[in-house]
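K.L.:
This is the structure I have questions about; it appears just below.
Here, each number is a calculation from the coordinates, and none is a lab measurement. As the structure is a prediction and not an experimental result, all values here were calculated from the model. As a convention, Cβ positions derive from the backbone with ideal geometry for all residues, glycine included, and neighbour counts pool all protein chains shown.
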Amino acid sequence: MKKFPFLLAMLVAVTFVVSCDKDDDNDYDVPTPPPPPQIKATVVSAAGDLTAALTQFRGILGDSLNTTPNKTSGRREVNWDGVPANIANTNNFPADFFNVTDPQANGGRKRGLVYTNAGASFRVDSSSFSQIDGSYSSEFKPFSGNKLFATANSNITEIAFKVPGTNTDATTKGFGLIFSDVDDANSTTLEFFNGTKSLGVYKAPVRKDANGFSFLGVFFPDEKITKVKITAGNAALAAGTKDISVAGGTKDLVVMDDFFYAEPLPFN
């Protein structure tokens, strides 16, 4: 009878040692961290007839079209048609043309849009870029007026935002544009940034008809856009570089027309 207390004490001691050993080996379940929250975005895209998509995206950005500084809501648009002849059809379009800060300058040029590509040159063209290569005359059609836009020495365009008419950095909630002649479903994209944080990469739809128009716009209800990286096709325009729709062409060449974006507002 005296052995039972001794055996019971030994059993308790062994259980305690085993339990401690498990703790020492970290042999226990580690909670799985929750996934990061998804970025909410409203995407509007279309090819062919863009009427309904543009109406929808304009409504999302704000029904008021702003053409002067000192606005706090509504939207801005750029269609290139007011660019004067002396800086059209050349590779010297000013990176800050649509955010001039001279108090005496026309208010229509104070739209808060600047180009930020280091080493890039920009071109507004009224000839469908046929002065670069004659085959382009049948490839690129303007959506409005007769002028189109491209980064002259790259297929990448990077834009940032300012409070219109000032050098004050700004953000916007949404941005979209019309592309001309998207042939490859993977060639043309918009990537949005809030500082160094990517808000995602979105693909433009492939053209559907002879006009060749595609639209892509994205609005972020809970985020602020500080920069947009536009990838237009998979090669830059250049003499001798042919679009894949032309005999012997190996590149999807894409240019741009109208821009649409929510009123740029200062950081807060």
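K.L.:
Could you give the dipole magnitude of the chain about its Cα centre, charging the beta-carbon of Lys and Arg +1 and that of Asp and Glu -1, in debye to the nearest 20?
P.N.:
Values: 25 positive and 29 negative charges, 107 e Å.
In debye, rounded to 20, the chain gives about 520.
K.L.:
Let me ask something additional. Let me know the shape class of the stretch 159-203, please: from the alpha-carbon gyration tensor, a ≥ b ≥ c as square roots of the eigenvalues, rounded when a/c is under 1.5, otherwise prolate if a/b is greater than b/c, or oblate.
P.N.:
Details: a/c = 3.58, a/b = 1.80, b/c = 1.99.
In terms of gyration-tensor shape, oblate.
K.L.:
Can you say what percent of the DSSP beta bridges in the chain, counting only those with both residues inside, are antiparallel? Round to 5.
P.N.:
Values: 52 of 54 bridges.
Close to 95 percent.
K.L.:
Next up: Starting at the first residue of the stretch 144-161, write each ³J(HN,Hα) from the Karplus equation 6.51 cos²θ - 1.76 cosθ + 1.60 with θ = phi - 60°, in whole Hz, x for Gly and Pro.
P.N.:
Values, residue by residue: 10, x, 10, 10, 10, 10, 7, 7, 5, 10, 7, 9, 10, 10, 10, 10, 10, 10 Hz.
K.L.:
Where does each of 83-92, 117-126 land if you order them by average Cβ count within 10 Å, highest first? Can you show the working numbers first?
P.N.:
On the way: 83-92: 13.5, 117-126: 16.9.
Most protected by this proxy first, the peptides run 117-126, 83-92.
K.L.:
What shape does the chain have by the C-alpha gyration tensor, where a ≥ b ≥ c are the square roots of the eigenvalues, rounded means a/c under 1.5, and otherwise prolate means a/b greater than b/c and oblate the rest? Mind dumping the intermediate values first?
P.N.:
On the way: a/c = 3.30, a/b = 2.27, b/c = 1.45.
Prolate shape, in that a/c is at least 1.5 and a/b is the bigger ratio.
K.L.:
Summing -39500 (n - 2.57) over the DSSP H runs of n ≥ 4 in the chain and dividing by its residue number, what mean residue ellipticity at 222 nm do you reach, to the nearest 500 deg cm²/dmol? If you can, show how the numbers build up before the last one.
P.N.:
Numbers: 2 runs with 33 residues, N = 268.
Helix-only estimate at 222 nm: -4000 deg cm²/dmol.
K.L.:
Another question about this same structure. May I ask for the angle, rounded to the nearest 10°, between helix 51-61 and the longest principal axis of the chain, with both axes built from Cα atoms and the value confined to 0 to 90°?
P.N.:
With rounding to tens, the tilt is 60 degrees.
K.L.:
Still on this structure, I have one more. In percent, what relative contact order does the stretch 122-268 have, based on Cα pairs under 8 Å that are 6 or more apart in sequence? All intermediate terms of the calculation are to be shown ahead of the outcome.
P.N.:
Numbers: 349 pairs, mean separation 48.1, N = 147.
Taking the mean separation of contacting Cα pairs over the length of the stretch 122-268, I get 33 percent.
K.L.:
Right, something else. Which aspartates and glutamates have a Cα lying under 13 Å from the Cα of Lys227, excluding residues fewer than 8 positions away in the same chain?
P.N.:
Of all the aspartates and glutamates, those that pass the test against Lys227 - Cα under 13 Å, at least 8 places apart if same chain - are Glu158, Asp169, Glu191.
K.L.:
Still on this structure, I have one more. If you fit an axis through the alpha-carbon atoms of helix 3-24 and take the longest principal axis of the Cα set of the chain, what angle between them do you get, 0 to 90°, nearest 10?
P.N.:
So the helix axis and the longest Cα principal axis differ by about 20 degrees.
K.L.:
Tally Lys/Arg at +1 and Asp/Glu at -1 over every other residue whose Cβ is under 10 Å from the Cβ of Gly165; what's the total?
P.N.:
Numbers: positive: Arg109, Lys110, Arg111, Lys162; negative: Asp102.
Around Gly165, the charge tally is +3.
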